[in-house]
1. Stretched out fully, how many nm does the piece from ASP66 to ILE20 gain, at 0.36 nm a residue minus the Cα gap?
2. Looking at the square roots a ≥ b ≥ c of the eigenvalues of the Cα gyration tensor of segment 55-95, which shape do they give, rounded for a/c under 1.5, prolate if a/b is larger than b/c, or oblate?
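Read-outs throughout are calculated quantities, based only on the coordinates presented, and are distinct from any laboratory measurement. This is a predicted model, so every value here is computed, not measured.
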Amino acid sequence: MKNKIHTVEQLGKRYREAWIISRRVPSGLQLGYSAYWPEFNPNRWEVYHAEGIKAKPTPVSADAVDRMVECMRWLRWLNEDERELVWLRASGLPWRVIAEELKVNRKTPMTRWNKAMNRLKIHLLQNNSG
């Protein structure tokens with residue numbers, strides 16, 4: 001990992017960047033098979049905001065794709081529900097909408113997201129120390 005991640009906020013920004021890059025990667029680009037790769041089915045919020053928009057994506061740098069793939073690899077340390085939550089938050093959805101999507105109390109997603117991010121941070125620290 002080139003950039004050290006010291007806080008949960010930095011980790012959240014990395015996943016936000018990964019989400020943005022994943023939307024810009026041409027569909028023909030083969031990134032390899034990963035069992036922990038999240039589904040790219042747009043939710044109702046994304047579809048609503050994308051109606052009628054025809055934007056031509058700019059080329060994605062190789063470094064950006066490498067950072068995205070690195071973030072996707074980190075997801076293997078989380079369970080399926082945590083992966084979905086991390087990806088929903090990376091998409092920029094507000095906590096209230098995420099709570100509605102997951103059908104839980106509005107404070108639950110933030111608590112679970114922080115727990116998942118801290119777990120990732122611990123794994124990253126353990127992997128970098130050895």
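1. Difference between extended and current length: 15.2 nm.
2. On the way: a/c = 3.66, a/b = 1.39, b/c = 2.62.
Oblate, since a/c reaches 1.5 and b/c is not below a/b.
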